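Presented below is the structure to which this report refers.
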């Protein structure tokens with residue numbers, strides 16, 4: 001039980017920042033789920049849209065990455 | 001039908017052998033992670049595997065010092081040369097196994113550039129192929145036991161992402177001149193909304209290298225740290241650690257998938273940015 005209140009604030013803040021990544025998880029799941037729903041309705045069009053799905057995943061993931069970045073900054077830079 | 005049944009029966013020992021080899025590699029990975037730790041005892045520090053150390057002793061690191069990062073980068077470049085240069089040396093019409101892997105990889109990236117960036121993006125195909133193959137090899141070599149994952153460092157990925165960002169911006173400005181700014185001025189939106197959208201577009205444009213680099217580094221770092229945390233459980237439990245080893249095997253399989261997907265995503269985002277630079281008008 002050592003350390004100071006700043007250290008504690010850092011850890012709590014980093015942990016709270018990581019909850020933002022849950023939003024990215026919801027977003028990625030939504031993208032892939034809708035892709036699969038569409039692919040099952042029209043399987044012949046699915047192959048051409050795989051790249052689009054990955055781009056959508058990447059953009060949805062980007063916003064979760066920012067909360068990860070905030071956590072990293074709190075842990076190592078502040 | 002009978003043919004198929006005999007075939008699956010024949011394939012079974014093979015797949016069991018493959019699974020055994022896979023589990024062995026995962027186990028070696030764990031052993032490597034546990035013994036890699038410079039600290040005595042079974043204290044597990046999941047981030048220790050990312051420490052950059054000079055290869056030939058010493059403490060001070062200059063830009064010319066050979067470190068484990070440079071070693072593994074050189075190894076991935078050597079692997080690429082072995083696959084793409086030496087593998088396609090025969091130029092056989094009926095390709096050998098290595099040659100067909102190289103051809104598959106080339107065709108995969110070529111089709112991706114053509115689909116996403118368009119026909120005029122093919123001029124920049126060598127750059128995207130280089131990025132893809134380098135990241136793929138760095139990710140996969142990082143999965144070997146006792147290896148060092150170079151792409152888990154933000155310094156490495158940020159350099160590649162900044163290179164992509166600067167290249168794409170220069171291409172866009174040189175090709176389109178002033179009309180490049182139409183990328184931020186969305187004509188499809190109502191006029192009253194356009195300034196607000198322009199602000200958002202400018203922010204999202206300049207945030208690109210950040211998300212581009214941290215996506216790759218974060219994914220690689222997080223996966224390896226998870227494996228090492230499970231390795232810590234295995235180290236504490238000792239010889240009867242079946243559950244952690246199974247968990248590590250599963251995470252390791254996931255990591256193989258992630259290694260490929262992150263290289264693919266990095267390359268495909270480069271294609272998307274390139275397409276934006278070549279055709280800025282929405």
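As for region B:254-266, it holds no residue that is outside any helix (DSSP H, G or I) and over 20 Å from residue A:67 (Cα atoms). The single condition among (1) within 23 Å of the chain's Cα centre (by Cα); (2) outside any helix (DSSP H, G or I); (3) more than 26 Å from residue B:130 (Cα to Cα); (4) more than 14 Å from chain A (Cβ to nearest Cβ) that residue B:58 does not meet is (1).
Just one of the numbered conditions (1) surrounded by 13 or more Cβ atoms within 10 Å (Cβ to Cβ); (2) more than 18 Å from residue B:207 (Cβ to Cβ); (3) more than 10 Å from every other protein chain (Cβ to nearest Cβ) is not true of residue A:27: (2). Residue B:200: within 19 Å of residue B:258 (Cα to Cα), surrounded by fewer than 20 Cβ atoms within 10 Å (Cβ to Cβ), within 14 Å of chain A (Cβ to nearest Cβ) and over 11 Å from the mean Cα position of the chain (by Cα), yes or no? No; evaluated as a whole, the condition is false for this residue. Beta carbons closer than 7 Å, at least 6 apart along the sequence or on distinct chains, pair a first residue in region B:122-137 that is farther than 20 Å from residue B:261 by Cβ with a second that is surrounded by 22 or more Cβ atoms within 10 Å (Cβ to Cβ) for B:122/B:113; B:124/B:274; B:125/B:113.
Exactly one residue out of A:40, A:72 is at the interface with chain B (Cβ under 10 Å from one of its Cβ atoms) and either in a helix (DSSP H, G or I) or under 14 Å from the mean Cα position of the chain (by Cα) (or both): that is A:72.
Mind checking whether some residue in region B:242-252 is surrounded by fewer than 24 Cβ atoms within 10 Å (Cβ to Cβ) and either within 11 Å of chain A (Cβ to nearest Cβ) or closer than 26 Å to residue B:201 by Cβ (or both)? Scanning region B:242-252 turns up no residue that is surrounded by fewer than 24 Cβ atoms within 10 Å (Cβ to Cβ) and either within 11 Å of chain A (Cβ to nearest Cβ) or closer than 26 Å to residue B:201 by Cβ (or both). Residues of region B:207-238 that are buried (at least 22 other Cβ atoms within 10 Å of the Cβ) and out of contact with any helix residue (DSSP H, G or I) (no Cβ under 7 Å at 6 or more places or on another chain): none at all. Kindly indicate whether any position in region B:42-53 is more than 14 Å from every other protein chain (Cβ to nearest Cβ), part of a helix (DSSP H, G or I) and touching a residue at least 12 places away in the same chain (Cβ under 8 Å). Yes, that holds for at least one residue. The residues of region A:53-69 that are more than 9 Å from chain B (Cβ to nearest Cβ) and either surrounded by fewer than 17 Cβ atoms within 10 Å (Cβ to Cβ) or over 15 Å from residue A:14 (Cβ atoms) (or both), listed by number, are A:53, A:56, A:60. The residues in region A:27-46 that are modelled with pLDDT under 90 and under 20 Å from residue B:266 (Cα atoms) can be counted, and the count is 0. Might you let me know whether region A:59-67 holds any residue that is at pLDDT below 90 and either more than 22 Å from residue B:213 (Cβ to Cβ) or more than 14 Å from the chain's Cα centre (by Cα) (or both)? No. Number of residues in region B:172-187 that are within 19 Å of residue B:272 (Cα to Cα) and either over 35 Å from the mean Cα position of the chain (by Cα) or in a loop (DSSP other than H, G, I, E, B) (or both): the value is 3.
Apart from one condition, residue B:146 fits all of (1) within 28 Å of residue B:206 (Cβ to Cβ); (2) in contact (Cβ under 8 Å) with a residue 12 or more places away in the chain; (3) exposed (fewer than 14 other Cβ atoms within 10 Å of the Cβ); the exception is (1).
Out of A:19, A:50, one residue alone is over 19 Å from residue B:207 (Cβ atoms) and facing another protein chain (nearest Cβ under 10 Å). It is A:50.
How about region B:193-205: which of its residues are assigned to a helix (DSSP H, G or I) and either touching a strand residue (DSSP E or B) at 6+ places or on another chain (Cβ under 8 Å) or farther than 17 Å from residue B:271 by Cα (or both)? The answer is B:194, B:195, B:196, B:197, B:198, B:199, B:200, B:201, B:202, B:203.
With respect to the conditions (1) more than 18 Å from residue A:63 (Cα to Cα); (2) in a helix (DSSP H, G or I), residue B:190 falls short on a single one, namely (2). Within this structure, residue B:186 fails the test of being surrounded by fewer than 16 Cβ atoms within 10 Å (Cβ to Cβ) and either at pLDDT below 90 or closer than 17 Å to residue B:277 by Cβ (or both). For first residues located in region B:170-191 and without any contact (Cβ under 8 Å) to a residue 24 or more places away in the chain, partners that are loosely packed, with under 14 Cβ neighbours inside 10 Å and lie 6+ apart or on another chain with Cβ distances below 6 Å form the pairs B:184/B:202.
The values are calculated or read from the model by the stated rules, or taken from the named source; none is laboratory data. The structure displayed is predicted, hence computed values, not measured ones. Here Cβ is always computed from backbone atoms with ideal geometry, including for glycine, and neighbour counts include all displayed protein chains.
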